[in-house]
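This report refers to the structure that appears directly beneath it.
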Amino acid sequence: MAEHNRSVFLTGCSRGIGLEIARECLRKGWKVIGTARKSDFPDVLKKQSRFKGIHLDLSDLSRLKEEILQILDQEKPDVLINNAGIFVDADHAGPDDHWLEVWDQTMNINLKAPALLCKWFLNFHTKPNSQTSGASIINIASRASYRGDTQEYAAYAASKAGLVGLTKSIARDYSKRGVVAYSVAPGFIETDMAKDAVNLLGKDHVTAGSAFDEITQPDEVAKLVAFLAEGSIPHASGQTFHINGGSYMI
Ligand code: NAP
């Protein structure tokens with residue numbers, strides 16, 4: 001049954017897809033504890049009494065624990081949405097040290113930080129006497145998890161494929177213990193992240209192979225995520241939900 005009083009912990013909601021997810025969850029009457037790395041949160045969020053914005057850098061894994069455990073303890077979120085992510089290129093023709101730096105940074109922010117957040121969220125919800133039911137994790141992966149990317153973005157594709165594997169493992173082990181997990185795999189979505197590709201290669205490049213003439217808007221992804229966060233389809237736990245303008249269909 002859909003829950004109407006949800007409390008959502010959402011990373012990366014200062015802009016882009018995360019901002020639209022936050023707005024959609026607030027529209028449903030839920031509480032949102034949202035994060036950003038350094039951007040100010042837009043007024044549309046700040047003016048809402050059910051929104052609480054927190055700045056934390058997901059690349060600094062050693063400093064995350066204290067802050068996240070405090071959020072779990074105080075806010076008791078029943079939904080975790082790992083949305084924050086980076087898309088950084090590293091050409092195979094470049095020096096190994098820079099290439100490895102990009103891989104480390106990408107893995108830390110896109111995979112290890114979300115994995116730690118999942119671990120702490122799961123431990124919080126399954127500790128003795130927690131009486132958890134209806135808790136959900138939604139991890140924002142990418143179409144790159146499934147179709148790969150160009151060689152420059154191999155770290156990104158690998159991190160997002162890892163996120164899907166993590167989500168499936170959580171679903172397999174925790175669904176019957178009250179926590180379900182889903183992946184959402186967007187194609188090109190019109191945000192700052194996709195802007196560089198549009199500027200560099202043109203809009204036609206990002207719609208190539210699409211079943212539409214236009215790029216997908218972030219509010220569509222947000223509607224899908226907010227629907228999953230309702231908790232009304234627990235038996236879809238472990239699945240990936242694809243939203244990519246029909247650029248591939250599986
Ligand atoms: P975006 O517009 O670039 O926004 C990224 C968000 O993540 C911002 O709120 C940013 O905070 C936060 N963030 C970035 N680095 C962080 C860090 N080190 N620590 C904490 N927060 C950090 O991205 P988007 O396009 O909305 O993408 C959202 C998610 O969807 C990502 O996981 C992305 O990989 C995935 N995705 C996007 C597309 C696409 O085409 N846009 C396609 C497939 C998947 P600040 O504002 O403070 O920097």
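The values are calculated or read from the model by the stated rules, or taken from the named source; none is laboratory data. The structure presented is a predicted model; accordingly, all values stated were derived computationally and were not measured. Note that we place each Cβ from the backbone using ideal geometry, even for glycine, and neighbour counts take in every protein chain shown. Remember, those area values only see protein heavy atoms, side chains included, never the ligands or the DNA or RNA. Shrake-Rupley method; radii C 1.70, N 1.55, O 1.52, S 1.80 Å.
Cross-link partners for K52 among the aspartates and glutamates, with Cα-Cα distance under 17 Å and sequence neighbours closer than 8 places in the same chain left out: E20, E24, D40, D43, E67, D73, E75, D78.
Ordered from largest to smallest accessible area (heavy atoms of protein chains, 1.4 Å probe), the residues R37, R23 come out as R37, R23. Across M193, M249, M107, the residue with the most accessible area heads the list, and the full order at a 1.4 Å probe is M249, M193, M107. For the range 206-249, the Kirkwood radius over C-alpha pairs fed into Stokes-Einstein at 4 °C and 1.567 mPa s yields D = 109 µm² per second.
Just report the Cα centroid separation between the range 52-91 and the range 1-45, whole Å. The two parts, judged by their Cα centres, are 13 Å apart. Applying a threshold of 32 Å to the alpha-carbon distances of K160/K223; K127/K160; K76/K195; K76/K168; K46/K176 flags K76/K195; K46/K176 as lying beyond it.
Selection among S59, V198, L224 by position relative to the dipole of the range 7-243 gives L224 as farthest towards the positive end (Cβ unit charges, Cα centre).
Computed from the alpha carbon positions, the gyration tensor of the range 7-243 leads to an equivalent ellipsoid with semi-axes of 28, 20, 18 Å, biggest first.
Sites listed here are chymotrypsin sites (Phe, Trp or Tyr not before Pro) in the range 135-212 whose DSSP assignment is loop and whose Cβ has at most 15 other Cβ atoms within 10 Å: F212. So what is the relative contact order of the chain, in percent, for Cα pairs below 8 Å that sit 6 or more residues apart? Relative contact order comes out at 21 percent.
What shape does the range 109-222 have by the C-alpha gyration tensor, where a ≥ b ≥ c are the square roots of the eigenvalues, rounded means a/c under 1.5, and otherwise prolate means a/b greater than b/c and oblate the rest? Prolate. Modelled this way, with points 7 Å down the Cα-to-C-beta line, the labels at Q217 and R172 are 3.9 nm from one another. Scanning the chain for DSSP H helices at least 24 Å long along the axis (C-alpha atoms) with a Kyte-Doolittle mean no lower than -0.5 picks out 154-174. Of L228, L19, the order by accessible heavy-atom surface (1.4 Å probe, DNA, RNA and ligands excluded), from most exposed downward, is L19, L228. Separation of the range 182-250 from the range 101-138 is 22 Å, based on Cα centroids.
Each Lys and Arg contributes +1 and each Asp and Glu -1, all at the Cβ; summed about the Cα centre of the range 7-243, the dipole is approximately 1260 debye.
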